Amino acid sequence: MNDLANASMTASSNSHRLDFNTPALQRKRRIRALKDRLARWCVSIGGLAVLGAITLIFFYLAHVVLPMFQGAEMTARKPQPAAWLAEAGEPLLLAIEEQNQVAMRLSRNGQVQFFDVKSAAPLNRIELPIPQGAQVASVGQDVPGSNRVVLGLSNGQALVFRHIYKVTYPDNKKTISPQIEYPYGETPIVLDPNGNALDHVAISESSSGPMLAGSTGSEVHLISLSREENLLTGEVNLEEERIALPQIADPIKQLLIDPRQLWLYVFNGRATADVFDLRKRVLNGRYTLLQDPQAEVSSVSALLGGISLMVGDSKGGIQQWFMVRDANGKAELKNIRGFQLGNAAISQIVPEERRKGFIALDTAGKLGIFHSTAHRTLLTEPVAEGAAIAALSPRANRLVVESKGQLQRFLVDNPHPEISWSALWGKVWYESYDEPKYVWQSTAANSDFEPKLSLSPLAFGTLKAAFYAMLLAAPLAIAAAIYTAYFMAPAMRRKVKPVIELMEALPTVILGFFAGLFLAPYVENHLPGIFSLLLLTPLGILLAGYVWSRLPESVRLRVPDGWEAALLIPVVLAVGWFALGMSGHVENWLFDGNMRLWLSNDLGIPFDQRNALVVGLAMGFAVIPNIYSIAEDAVFSVPKSLTFGSLALGATPWQTLTRVVILTASPGIFSALMIGMGRAVGETMIVLMATGNTPIMEANIFEGLRTLAANVAVEMPESEVGSTHYRVLFLAALVLLLFTFVMNTLAELIRQRLRGKYASL
């Protein structure tokens, strides 16, 4: 009987069993598997595409940036025969014109020979109007690019001329015609009334007129000229004023006049420089240029602008000097930095006409290419055997060297000498500055500008803006996220969270516009109220909570559980109204009616209207939704079983929050903070419109800043493609990318460690 019953039951169950191998179900499973594979492939391809795009961006930025750190290159061209050199006399000066087609050679016999740079063929020879019986004893040049030359003659006179190059297009063919002009007439100017030979000469022309200096032995002759030209006849009249200077004991080696005609530099003795103040016409000071007693000064030249003096010595060293103010405000000649070419004496220093670079040539025929601001040696290479004389083109891309009666041409490739690690990230002592500083100043109105391309103030400004923004946003966003996810009623949470997340939809350009035009002046006019608001708001909330806890239970129970936060809305509004309303009275009572002047005058704290405080308020408002949304999801995603289990074991809600919920959600909270930090670091429009864009390194909350992102946005449209400025902006973008990459990598490592540590809860 039992067997029959079991058999009947088995048959009945088999008749009602579902068949999962029907064709329809098999087709459905195949379609689902196909969708899974397609989704997996799409996600994988999308992720790899994102990684590939980021990698390509990185390599593109590196491709643009790396050429800045390459040195100079010099390519020798085949020497051209120049038979005319045998009769040209000893060379005193070589120069190349703008188009690199015509060169000028000045010889000691008073002849100027123009020749073709490429073929070395002579073009035309000009005899300078040197008086009968006189010879050229010395030569001097004005600032680089002026083409103004002064010759010191053996009879105590000086002849000034300029070599100019007129460009014409006869028959649509470009023709360069070299010429010589005499700005002060063809009659030489008497420097030494006694007729002694001028061993050294110098010239400087400013808006007030030219100034000439010459030396005979240890005596300096200095005259100031005023030039008047008759517009009808073209006759030039010169009025001379002789300037008496104190006597110098040692024989003079070289003279230089400051282009502003403020200083006269007299290099004398072994390694001494006497600096004369031309306004007061007194000796400013005597300075020892070399510390090595075995070395002596062998060559001196002024860089572009005439502020820096490059002093070469007999042991191959080159020192940069310029005038600075000491702690007492007195100007003194200061040694800034040094270079080393080789072991032979420096015979010639040729400055570039458009940058703060220079070339140096020693008596062994070795040539070096340097840049002063970057403190960079770009190339050292022998170009001749023994003594030589060199000329560098205005564009610094051609070099002509004469040695042993032969002309040698070189192509120079030196596009970015201004860049070095120290120039980008270290303190640099710039011309006319009293001390080394971090400075970003990429452009200026004058042509002899010294570019200041330090990224340090920009990186500092980026971190400063992010710090003050996170200082406001992080506590508010995290606290709000924890309260919303853990304490707030679900119905209220469904209303509050979308509203806060909607803040993220506000365009940052609108926030920046609002911060720059309204918030910045409002904060300036209500400083006491703003700080009172920041202090009184948490105190008001705590006081309101204390009062609420002391109310009768019958009153407190009328508010549904989780809706208590709504009671804080009138509290916050009342505190804000009170703090801002009392701002003017507090300012009158404590700060004499003007807190800004009190900060500046009494505390010595500079105040800018668009400052880091405004950025912190505006950018903190923009960052709060990012941090809040991610942190709130992390806290809300903590399993309820952990919360209920903790409460069931006797823990209070606060203990459960601090010891269970926050620890479990800590990876998500940390990710929220890192994403908010990344948003603050990369923000552009708010800091662009609300900071004043002042690239300074000051932690003062009342001063402005400039960030890397804002700097790229401002200056990239104005930069020349391929220029040093252009590539430095790409370097700023690369620094931002690397900073974000490193920060996100560290954040992920820390998040994974937190997840592993608290996963067992």
Check: If you scan the stretch 446-468, which residues turn out to be crowded, with 23+ Cβ neighbours inside 10 Å and among the basic types (Lys, Arg)?
Finding: Lys464
Margin query: Condition first: surrounded by fewer than 17 Cβ atoms within 10 Å (Cβ to Cβ) and closer than 30 Å to Phe730 by Cβ. Can you find one or more residues in the stretch 482-505 that meet it?
Written below: yes
Note to self: Test of understanding: among Ala197, Ala213, Ala158, Ala202, which residue is at pLDDT 90 or above, out of contact with any Cys (no Cβ under 9 Å at 6 or more places or on another chain), hydrophobic (A, V, I, L, M, F, W, C) and not in a strand (DSSP E or B)?
What the structure shows: Ala197
Margin query: Considering only residues that are surrounded by fewer than 22 Cβ atoms within 10 Å (Cβ to Cβ) and under 20 Å from Gly305 (Cα atoms), which ones fall in the stretch 145-160?
Written below: Gly145, Ser146, Asn147, Arg148
Check: Which of the residues spanning the stretch 171-193 are surrounded by 11 or more Cβ atoms within 10 Å (Cβ to Cβ) and either closer than 27 Å to Ser218 by Cβ or aromatic (Phe, Trp, Tyr) (or both)?
Finding: Tyr182, Tyr184, Pro188, Ile189, Val190, Leu191, Asp192
Notebook entry, point to check: Looking at the stretch 349-367, which of its residues are over 22 Å from Arg105 (Cα atoms) and either modelled with pLDDT of 95 or more or outside any loop (DSSP other than H, G, I, E, B) (or both)?
Noted result: Gly357
Note to self: Among the numbered criteria (1) crowded, with 22+ Cβ neighbours inside 10 Å; (2) in a helix (DSSP H, G or I), which one does Leu471 miss?
What the structure shows: (1)
Check: Residue check, Gln132 against (1) touching a residue at least 12 places away in the same chain (Cβ under 8 Å); (2) within 25 Å of Ala86 (Cα to Cα); (3) polar (S, T, N, Q), all met but one. Which one?
Finding: (1)
Checklist line | Residue within the stretch 418-425 that is without any contact (Cβ under 8 Å) to a residue 24 or more places away in the chain and of a type in the set (Phe, Trp, Tyr) present | finding: yes
Next item on the list: Return the total of residues in the stretch 32-82 being more than 30 Å from Trp425 (Cβ to Cβ) and either hydroxyl-bearing (Ser, Thr, Tyr) or surrounded by 10 or more Cβ atoms within 10 Å (Cβ to Cβ) (or both).
Entry: 27
Checklist line | Residue satisfying all of: in the stretch 51-77; among the aromatic types (Phe, Trp, Tyr) and touching a residue at least 60 places away in the same chain (Cβ under 8 Å); farthest from Lys366 (Cα to Cα) among these | finding: Phe58
Check: Can you list the helices (runs of 4 or more DSSP H) found entirely within the stretch 609-656 that contain at least 1 residues being buried (at least 22 other Cβ atoms within 10 Å of the Cβ)?
Finding: 612-636
Next item on the list: Would you check if there is a residue in the stretch 668-683 being more than 27 Å from Val499 (Cβ to Cβ) and touching a residue at least 40 places away in the same chain (Cβ under 8 Å)?
Entry: no
Note to self: Quick check on the stretch 338-345. Is at least one of its residues crowded, with 17+ Cβ neighbours inside 10 Å and either in a strand (DSSP E or B) or not hydrophobic (A, V, I, L, M, F, W, C) (or both)?
What the structure shows: yes
Margin query: So Arg281 passes all but one of these: (1) of a type outside the set (Ser, Thr, Tyr); (2) on the phi > 0 side of the Ramachandran plot; (3) buried (at least 21 other Cβ atoms within 10 Å of the Cβ). Which condition number does it fail?
Written below: (3)
Next item on the list: Just need a number here: residues in the stretch 354-367 that are farther than 17 Å from Pro394 by Cα and surrounded by fewer than 24 Cβ atoms within 10 Å (Cβ to Cβ).
Entry: 4
Next item on the list: Please enumerate the residues belonging to the stretch 73-98 that are closer than 14 Å to Leu392 by Cα, in contact with a strand residue (DSSP E or B) (Cβ under 6 Å, 6 or more places away or on another chain) and assigned to a loop (DSSP other than H, G, I, E, B).
Entry: Glu97
Notebook entry, point to check: Among the residues of the stretch 290-329, how many are out of contact with any Ser or Thr (no Cβ under 7 Å at 6 or more places or on another chain), within 22 Å of Thr377 (Cα to Cα), among the hydrophobic types (A, V, I, L, M, F, W, C) and assigned to a loop (DSSP other than H, G, I, E, B)?
Noted result: 2
Note to self: Quick check on Leu48: is it aliphatic (A, V, I, L, M), part of a helix (DSSP H, G or I) and touching a residue at least 40 places away in the same chain (Cβ under 8 Å)?
What the structure shows: no
Check: Which of the residues spanning the stretch 568-606 are under 41 Å from the mean Cα position of the chain (by Cα) and part of a loop (DSSP other than H, G, I, E, B)?
Finding: Phe591, Asp592, Gly593, Asn594, Leu603, Gly604, Ile605, Pro606
Next item on the list: Give Lys356, Lys366 a once-over and let me know the one that is touching a residue at least 60 places away in the same chain (Cβ under 8 Å) and within 21 Å of Asp313 (Cβ to Cβ).
Entry: Lys356
Checklist line | The listed residue being over 17 Å from Tyr430 (Cβ atoms) and basic (Lys, Arg), out of Arg398, Arg355, Arg325 | finding: Arg398
Next item on the list: Scan the stretch 463-484 and give yes if some residue there is aliphatic (A, V, I, L, M) and under 19 Å from the mean Cα position of the chain (by Cα), otherwise no.
Entry: yes
Checklist line | Residue that is within 12 Å of Tyr468 (Cβ to Cβ), at pLDDT 90 or above and of a type outside the set (Phe, Trp, Tyr), where the choices are Val614, Val635 | finding: Val614
Notebook entry, point to check: If Gln320 passes every condition in (1) closer than 29 Å to Leu424 by Cα; (2) surrounded by fewer than 19 Cβ atoms within 10 Å (Cβ to Cβ); (3) of a type in the set (S, T, N, Q) but one, which one does it miss?
Noted result: (2)
Item checked: Every residue from the stretch 542-562 that is surrounded by 15 or more Cβ atoms within 10 Å (Cβ to Cβ) and assigned to a helix (DSSP H, G or I) -> Ala544, Trp548
Item checked: Odd one out for Thr443 among (1) closer than 30 Å to Glu720 by Cβ; (2) surrounded by 13 or more Cβ atoms within 10 Å (Cβ to Cβ); (3) in contact with a His (Cβ under 9 Å, 6 or more places away or on another chain) -> (2)
Check: So which of Glu698, Glu703 is more than 16 Å from the chain's Cα centre (by Cα), farther than 30 Å from Pro67 by Cβ, of a type in the set (Asp, Glu) and not in a helix (DSSP H, G or I)?
Finding: Glu703
Check: Which of the following residues is more than 19 Å from Arg77 (Cα to Cα) and either more than 27 Å from the chain's Cα centre (by Cα) or buried (at least 22 other Cβ atoms within 10 Å of the Cβ) (or both): Ser372, Ser420?
Finding: Ser372
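The values are calculated or read from the model by the stated rules, or taken from the named source; none is laboratory data. Being a predicted model, the structure only gives us computed values, none of them experimental. Heads up, the Cβs are rebuilt from the backbone with ideal geometry, glycines too, and the neighbour counts pull from every protein chain shown.
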